[in-house]
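J.: Pasting a structure here, questions to come.
The values are calculated or read from the model by the stated rules, or taken from the named source; none is laboratory data. Remember, it's a predicted structure, so these values are computed and weren't measured experimentally. Don't worry about glycine lacking a Cβ; one is built from the backbone with ideal geometry, like all the others, and counts go over all protein chains shown.
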Amino acid sequence: MSSDHSTYQPTSGFGKWIDSRLPLPRMVHDSFVSYPVPRNLNYAYTFGGILMVMLVVQLLTGIVLAMHYAADTAIAFQSVEKIMRDVNSGWLLRYMHANGASFFFVAVYIHIARGMYYGSYKAPREVLWILGVVILLLMMATAFMGYVLPWGQMSFWGATVITGFFTAFPGIGEPIQQLLLGGFAVDNPTLNRFFSLHYLLPFMITGVVILHVWALHVTGQTNPTGVEVKSKTDTVPFTPYATVKDALALSIFLLVFAYFIFFMPNFLGHADNYIPADPLKTPAHIVPEWYFLPFYAILRAITFDIGPIDSKLGGVLAMFGSIAVLFVLPWLDTSKVRSAVYRPWYKLFFWLFVANAIFLGWLGAKPAEGIYTPLAQISTLYYFAFFLVILPVLGLIETPKRLPNSITEAVLAKKAGNGGAAPAAASPETRG
Amino acid sequence: MKKLLASIVPAAMALVIGAGSAFAAGYPINKPREIDWSFAGPFGTFDKGQLQRGLKVYVEACSACHSMNLVAFRTLEDLGYSEDQLKALAANYEVEDGPNGEGEMFTRTAVLSDHFPSPFPNQEAAAYANNGAAPPDFSLLAKARYVERGFPQFVFDIFTGYNESGPNYIYSLLTGYQEPPAGVEVPDGAHYNPYFIAGSALAMAQPIYDEQVAYDDGSPETVDQYAKDVSAFLMWAAEPHMEERKQTGFMVIIFLAIFASLLFLTKKSVFASKEH
Amino acid sequence: MTQSEGAGEPTRRDFLYIATGMAGVVGVGSFAWPFIDQMNPDASTLALASIEVNVEALEPGMSLTVKWRGKPVFIRNRTDEEVAEAQAVALDDLKDPIARNANVADGSAATDIDRSAGEGKENWIVMIGSCTHLGCVPLGQAGDFGGWFCPCHGSHYDTAGRIRKGPAPTNLPVPPFAFVSDSVIKIG
């Protein structure tokens, strides 16, 4: 990738031979060994690596589960139960895959929040950010289709409701829905195509991840100060510094993941999905998986017509819009300062945004009636106002704190602050 | 902007607090009673005696209406039965097999590899014989019933490892039949039960009474004991690998804890010479 | 990593790095096992029912093929000539002198009696009909020895299912079976 300043020196004869033919070891060395990373990266920056591992875990468990799964409405449910009961370690593989989806989203939401907090989407990293949003969309599609495969009640009705979104579009909606379903309702053709696509999409995610990492290596990481790398003292080599830090964070993450797999395997799922799909009976409360709840709350918040747009279409547009707005985030934020550490007002609104997103998630799990509807409307309003009003305006009116001249200066100031030697100079913000 | 915020936040808080009481009137009317199950918690194991009693309750009291078609007789070895005992149990059942050499389907006695046969030939027959409500299959019942715990209880449940919603629910339902309180209309053919998840009354009448099933290990022959035993049995039926899962999990957690500690020391050592 | 390159002797730090690395290898190794083990036959496959076959209608010289564990099983009521022919073969003439019969002791000689259903039932032979060369199904009453002949690569078996000529290395294996009554064979 950055072979013009590669420090790779093949030592063995074979190393030299392969280097002049397929310089894969050089690429690995330049990308994961000598690659310089800012010296002040904190644990929030370890989630990229964690996500890579989670992607691999999902691919591996998914491929082996597909060896036992049968995508046919008559036997899909039984085939999953056969995995749970008869296949060697089948229960482990399935629980890993099912909880892995949840933990994939835990990690990706932290990763996104980190990017927003430290302004990682700002120039020159707009493409890097947009690729990330594409990955998020692909993940959502993959997770949704994966949830249909066990062919339980939630699978069936989730598929019915989500493909129903498309009927909101006047005229073209129903033909699109029928195209997606391969029929007039969710049925065997739907299950088969969802299985096919659920198997395909992760490889597309992998492709976009490669582009994402490529774009990252062109611009380099941001860091908690938001100040670009200026000299060699600002960086450390990826190995061992970032490697060991990522590995430590990963092992802690896996510890929590393992706790859920082995001791709370069904906590993040929904009990109704242990009832086989019944096209004649809808469960009392249908809710999506937790990671879609905020978007679900936004969908249901639009209960009123907006001019020619009826509430159904309005809800669908708001929901898609809540993701679409992320694509233009780099151009909505007018502030010159990257990191929230030096933006006191942005920091406040950011944490409010996080709390609001969690609140939306809680609302998404509640019935769409009574007090929950106006609450969801207020929350939805804040969600969009954050991007469309607060970010553009705040950049113009906010007075940022003084930025350090370099990463090294910030690190040394923090060191001094921790030592108690220069209490006045060390802002608590730089503790990161 | 600050002022606006100052007015919105308390208003929102007030709404949330109000919301809690506004939605108390859902089903079930009563929260399931919580039983101290032997299989709860990270080191919980099934009580085999209890599972055997639960199987007896299922066979004698429930299986006339409720199928359990994902459970094979061979898997009952987990309950502590010998192969011969299980063969004898399986021999009580007839299953359909075929076609034979003449192309005809025939019935034969069940063998270990067979699953519990359904009491009805199909869903429609099951519904027809039960006033339109087909009795649910029992294979996954203990995982297919979850009574909402609400915030913040569901957060605490993560830390206490609460997975017993299903058996608590089944137990509560079986012991919860009672006379409807004054003013509650129960439709014909329905039976009042404040623990039922989807209404105030259900189509199933109280299915078991004291002394209906004989126990040979001296356990009390009461509805309460039957309900506990069959709930525990259904938990096993829904999650037969639970003990193996928890044991494996313990090893994995120990390993990851050691590995994380080693990585922590390694990380400290690597960063010792570098301010960051 | 730049640890004790000049020091010459291992330090606490080296030990730490090695221990961490080893733990990582053990972790990845144990993680990999379920992914491999899941491909082994599952519990329901292993517990596949034994089958019972009614052979009442099988006159001498008639055969029946049934499916057991996904493979064909040949059941043949041999004629007296076929039995006599098989009994007359000297063990030295056999390519594979071992009985390959799950119902007799391991390593028993491939005499006709130990290939058949045993004393009093010598006319019955039950074998897995899957050529020991590469798994094709041999044709009955064909080949140079009047037994079975595999059309794929030309293996000839005699009337006791013993390999006599061609690339197959061993006799057709006899599955575990027993007569539960005079007319019913239970395989498996």
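J.: Quick one: would you say A:Ile261 is over 30 Å from A:Ile75 (Cβ atoms) and in contact (Cβ under 8 Å) with a residue 12 or more places away in the chain?
T.: Spelling it out, it is not the case that A:Ile261 is over 30 Å from A:Ile75 (Cβ atoms) and in contact (Cβ under 8 Å) with a residue 12 or more places away in the chain.
J.: Which condition number in (1) basic (Lys, Arg); (2) modelled with pLDDT of 95 or more; (3) touching a Ser or Thr at 6+ places or on another chain (Cβ under 6 Å) is the one that A:Lys347 fails?
T.: Here A:Lys347 meets the rest and fails (3).
J.: Check whether at least one residue in the stretch A:141-160 is outside any helix (DSSP H, G or I), out of contact with any Phe, Trp or Tyr (no Cβ under 7 Å at 6 or more places or on another chain) and crowded, with 22+ Cβ neighbours inside 10 Å, and report yes or no.
T.: No: zero hits.
J.: Counting just the residues of the stretch A:168-181 that are in a helix (DSSP H, G or I) and either of a type in the set (D, E, K, R) or in contact (Cβ under 8 Å) with a residue 40 or more places away in the chain (or both), which one comes out nearest to A:Glu81 (Cα to Cα)?
T.: My answer is A:Glu174.
J.: If A:Gly90 meets every condition in (1) within 14 Å of chain C (Cβ to nearest Cβ); (2) surrounded by fewer than 23 Cβ atoms within 10 Å (Cβ to Cβ) apart from one, which number is that one?
T.: Against the list (1) within 14 Å of chain C (Cβ to nearest Cβ); (2) surrounded by fewer than 23 Cβ atoms within 10 Å (Cβ to Cβ), A:Gly90 comes up short only on (2).
J.: Still on this structure, I have one more. Hey, does the stretch A:68-88 have a residue that's in a helix (DSSP H, G or I) and in contact with a strand residue (DSSP E or B) (Cβ under 7 Å, 6 or more places away or on another chain)?
T.: The answer is yes, given that some residue of the stretch A:68-88 is in a helix (DSSP H, G or I) and in contact with a strand residue (DSSP E or B) (Cβ under 7 Å, 6 or more places away or on another chain).
J.: Only residues that are away from chain A (no Cβ under 14 Å) and either more than 19 Å from B:Pro167 (Cα to Cα) or not hydroxyl-bearing (Ser, Thr, Tyr) (or both): list them for the stretch B:220-250, please.
T.: Selection gives B:Pro220, B:Glu221, B:Val223, B:Asp224, B:Gln225, B:Ala227, B:Lys228, B:Asp229, B:Val230, B:Ala232, B:Phe233.
J.: Also, I was wondering about something else. Which of the numbered conditions does B:Glu275 fail, given that it passes all the others? Conditions: (1) more than 7 Å from every other protein chain (Cβ to nearest Cβ); (2) at pLDDT below 95.
T.: The number of the failed condition is (1).
J.: Could I ask something else about it? Taking the conditions exactly as written (under 24 Å from A:Ser196 (Cα atoms), touching an Asp or Glu at 6+ places or on another chain (Cβ under 8 Å) and in contact (Cβ under 8 Å) with a residue 24 or more places away in the chain), does A:Ala76 satisfy them or not?
T.: Criteria not met by A:Ala76.
J.: While we're here: Can you list residue pairs whose Cβ atoms sit under 8 Å apart, with the first residue in the stretch A:341-362 being assigned to a helix (DSSP H, G or I) and the second being of a type in the set (Asp, Glu)? Count only pairs 6 or more apart in sequence or on different chains.
T.: Listed pairs, sorted by first residue: A:Val341/A:Glu429; A:Tyr342/A:Glu429; A:Pro344/A:Glu398; A:Trp345/A:Glu398; A:Tyr346/A:Glu398.
J.: For B:Ala127, which of the numbered conditions (1) without any contact (Cβ under 8 Å) to a residue 40 or more places away in the chain; (2) in contact with a Ser or Thr (Cβ under 8 Å, 6 or more places away or on another chain); (3) within 13 Å of chain A (Cβ to nearest Cβ); (4) more than 30 Å from A:Gly364 (Cβ to Cβ) fails to hold?
T.: (2)
J.: For B:Leu265, work out the one condition from (1) more than 8 Å from chain A (Cβ to nearest Cβ); (2) surrounded by 15 or more Cβ atoms within 10 Å (Cβ to Cβ); (3) touching a residue at least 40 places away in the same chain (Cβ under 8 Å) it doesn't fulfil.
T.: That leaves (3) as the condition not met.
J.: Which of the numbered conditions does B:Gly150 fail, given that it passes all the others? Conditions: (1) of a type in the set (Gly, Ala, Ser); (2) within 12 Å of another protein chain (Cβ to nearest Cβ); (3) under 24 Å from B:Thr75 (Cβ atoms).
T.: Condition not satisfied by B:Gly150: (3).
J.: Quick check on the stretch C:41-61: of everything there that is over 22 Å from C:Glu119 (Cβ atoms) and hydrophobic (A, V, I, L, M, F, W, C), which residue is modelled with the lowest pLDDT?
T.: C:Ala49
J.: Between a first residue in the stretch C:24-50 that is in contact (Cβ under 8 Å) with a residue 40 or more places away in the chain and a second residue that is exposed (fewer than 15 other Cβ atoms within 10 Å of the Cβ), which pairs have beta carbons less than 8 Å apart while being 6 or more apart in sequence or on different chains?
T.: C:Ser50/C:Lys186
J.: Taking the stretch A:39-73, which residues are at pLDDT 95 or above and in contact with an Asp or Glu (Cβ under 7 Å, 6 or more places away or on another chain)?
T.: A:Thr46, A:Gly49, A:Thr73
J.: Taking into account only those residues within the stretch C:62-87 that are modelled with pLDDT under 90 and in a loop (DSSP other than H, G, I, E, B), which is surrounded by the fewest Cβ atoms within 10 Å (Cβ to Cβ)?
T.: C:Gly70
J.: Six or more apart or on different chains, Cβ under 6 Å: which pairs go from a residue in the stretch A:31-44 that's touching a residue at least 12 places away in the same chain (Cβ under 8 Å) to one that's of a type in the set (Lys, Arg)? Could you list them?
T.: Listed by first residue and then by second, the contacts come to A:Ala44/A:Arg114.
J.: Next question. Here is a check on your reading of the model: is A:Asp333 away from chain B (no Cβ under 14 Å), surrounded by fewer than 18 Cβ atoms within 10 Å (Cβ to Cβ), touching a Pro at 6+ places or on another chain (Cβ under 9 Å) and over 28 Å from B:Tyr169 (Cβ atoms)?
T.: no
J.: Hey, among the residues in the stretch A:36-67 that are assigned to a strand (DSSP E or B) and of a type outside the set (Val, Ile, Thr), which one's nearest to A:Glu228 (Cα to Cα)?
T.: Result: A:Pro38.
J.: Confirm whether B:Val155 is surrounded by 17 or more Cβ atoms within 10 Å (Cβ to Cβ), within 12 Å of another protein chain (Cβ to nearest Cβ) and either on the phi > 0 side of the Ramachandran plot or modelled with pLDDT under 95 (or both).
T.: In short, no.
J.: Can I ask one more? Are any residues in the stretch C:88-112 touching a helix residue (DSSP H, G or I) at 6+ places or on another chain (Cβ under 8 Å) and assigned to a helix (DSSP H, G or I), and if so, which ones?
T.: Once the filter is applied, which keeps residues that are touching a helix residue (DSSP H, G or I) at 6+ places or on another chain (Cβ under 8 Å) and assigned to a helix (DSSP H, G or I), the stretch C:88-112 yields only C:Asp112.
J.: Given the criterion among the aliphatic types (A, V, I, L, M), touching a helix residue (DSSP H, G or I) at 6+ places or on another chain (Cβ under 7 Å), without any contact (Cβ under 8 Å) to a residue 60 or more places away in the chain and surrounded by 18 or more Cβ atoms within 10 Å (Cβ to Cβ), identify the matching residue among B:Ala260, B:Ala238, B:Ala232.
T.: When all the criteria are applied, what remains is B:Ala260.
Table: residues versus (1) among the small types (Gly, Ala, Ser); (2) within 14 Å of C:Cys152 (Cα to Cα).
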{"site": "C:Asn101", "(1), (2)": "no, no"}
{"site": "C:Val104", "(1), (2)": "no, no"}
{"site": "C:Ala109", "(1), (2)": "yes, no"}
{"site": "C:Lys121", "(1), (2)": "no, no"}
{"site": "C:Gly129", "(1), (2)": "yes, yes"}
{"site": "C:Leu134", "(1), (2)": "no, yes"}
{"site": "C:Val137", "(1), (2)": "no, yes"}
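J.: Sticking with this structure for a sec: What residue, of B:Leu55, B:Leu112, is closer than 29 Å to A:Asn88 by Cβ and away from chain C (no Cβ under 13 Å)?
T.: B:Leu55
Conditions (1) part of a helix (DSSP H, G or I); (2) modelled with pLDDT under 90, marked per residue:
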residue	(1), (2)
B:Glu102	no, yes
B:Ala127	yes, no
B:Ala133	no, yes
B:Arg149	no, yes
B:Tyr169	yes, no
B:Gln178	no, no
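J.: A follow-up question, please. I want to confirm something. Restricting to the stretch A:271-301 and keeping residues that are touching a strand residue (DSSP E or B) at 6+ places or on another chain (Cβ under 8 Å) and not polar (S, T, N, Q), which single residue is farthest from B:Phe39 (Cα to Cα)?
T.: A:Ala277
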